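Some notes on the structure that comes next.
Every number in this text was worked out from the coordinates using simple rules, so none of it is lab data. None of these values were measured; they are calculated from a predicted model. When we count neighbours, we look across all protein chains shown, and the Cβ atoms used for this are built from the backbone with ideal geometry, even at glycine.
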Amino acid sequence: MDNIDDHRFFLIIKKEKISFKNFDPINGSTLTKEIFLKNDSLDNIFLTLEKFLEKNMFEIEKRLKIFIKKIYIIFESDSVFEVGSSFRQNFTGVDFNYSQFNDSLIDIKNQLEKHSKKYEIIHMLIDKYIINGVVYNSLPDNEKIDELVVQVNFICLENIIVEKFKEIFLKYQISLSKILYFNYLQKQNNFSSENIIQIANENIDGNNSNEVFIIKKNQK
């Protein structure tokens, strides 16, 4: 068997069903288990998820011959909260400063968390860069920057939802690595229902240059 550390495990929670998928870099997405939902209320999602894990987790681990320690959720939900913000920096007469730019991203995230304590940020996205009055979708190389405006979009989920998922998985000694918003992944290039796990993996690996990942240890 290939290195199990290269595997990732996903639960896709959509409005009509819950699916479990194993992903490894050699075979791609494999081992699909699923259960259909009677309705997409949060109470029913949590109840159905508990039943699904109780019925299938032992069999899944037995077939894979490993204990699953971490899992990712891809969540389709109307419970997300999206908010936009922006910041401005002036570099007239000086070189563009990446450290200052990164500090501003951390600061704007911290401000949102301070004033929205009931929500957890699941995606932080740079919507656009406005450089010297010109709009860019990505930060250009070798562009003289005098004035920079950055528009940032946050996708958030209520803390009580995140904590409930963590509580359910904890019963199986599984930690929740990350929740990814289904509707956001759906907007990625070349998306299809068949390659959603591939798209999710690319997102986790940081292949979307406009998504911001804050590494708490180094604050980058």
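Evaluate the distance, in nm, between pseudo-label points positioned 7 Å from the Cα of N39 and of K17 along their respective Cα→Cβ axes.
Reported label-point gap for N39 and K17 is 2.2 nm.
Starting from 0.36 nm per residue, how many nanometres of slack lie between K62 and N90 once their C-alpha separation is accounted for?
4.3 nm
Dipole of the range 56-152, Cα-centred, from +1 at each Lys and Arg C-beta and -1 at each Asp and Glu C-beta, to the nearest 20 debye?
Using only the charged Cβ atoms, the result is roughly 600 debye.
Given axes a ≥ b ≥ c from the Cα gyration tensor, I'd like to know whether the range 100-200 is rounded (a/c under 1.5), prolate (a/b larger than b/c) or oblate.
oblate
If you fit an axis through the alpha-carbon atoms of helix 159-170 and take the longest principal axis of the Cα set of the chain, what angle between them do you get, 0 to 90°, nearest 10?
40
What number, in percent, do you get for the relative contact order of the chain if the mean sequence gap of Cα pairs under 8 Å and at least 6 apart is divided by its residue count?
Here the relative contact order equals 22 percent.
What fraction of the DSSP beta bridges in the chain is antiparallel, stated in percent and rounded to the nearest 5?
Around 80 percent antiparallel, to the nearest 5.
If packing is taken as the average number of other Cβ atoms within 10 Å across a peptide's residues, how do 13-21, 203-211 rank, most packed first?
Values: 13-21: 17.4, 203-211: 13.6.
The peptides rank, most packed first, as 13-21, 203-211.
Once both labels are modelled 7 Å past Cα along the beta-carbon direction, what's the K128-E54 spacing in nm?
According to this spin-label approximation, the distance is 5.1 nm.
Using 0.36 nm per residue, how much length does the chain from S116 to E202 gain when fully extended, once their Cα-Cα distance is taken away?
Answer, rounded to one decimal: 28.1 nm.
Which of the peptides 70-81, 55-66 is most tightly packed, and how do the rest follow, judged by the mean count of other Cβ atoms within 10 Å per residue?
The most tightly packed comes first, giving 70-81, 55-66.
Do you know the relative contact order of the range 2-115, to the nearest whole percent, from alpha carbon pairs under 8 angstrom that are 6+ apart?
Relative contact order for the range 2-115 comes out at 23 percent.
Using mean Cβ contacts within 10 Å as the protection proxy, how do 126-136, 153-163 order, highest first?
On the way: 126-136: 13.9, 153-163: 17.4.
Top of the packing list down: 153-163, 126-136.
Would you mind checking K14/K55; K33/K166; K14/K128; K15/K164 for any pair whose Cα atoms are more than 26 angstrom apart?
Violating the 26 Å limit, Cα to Cα: K14/K128.
What's the extension gain from F213 to Q188 if we count 0.36 nm per residue and subtract their Cα-Cα distance?
Taking F213 through Q188 to full extension adds about 7.3 nm, to one decimal.
Give, as ranges by residue number, the residues of the range 167-181 whose backbone N falls under 18 Å from the point 7 Å along Cα→Cβ of L47.
It comes to 168, nothing else.
Can you give the FRET efficiency to the nearest 0.05 for Y172 and T30, using r as the Cβ-Cβ distance and R₀ = 30 Å?
On the way: r = 20 Å, r/R0 = 0.67.
Working from the Cβ atoms, E equals 0.90.
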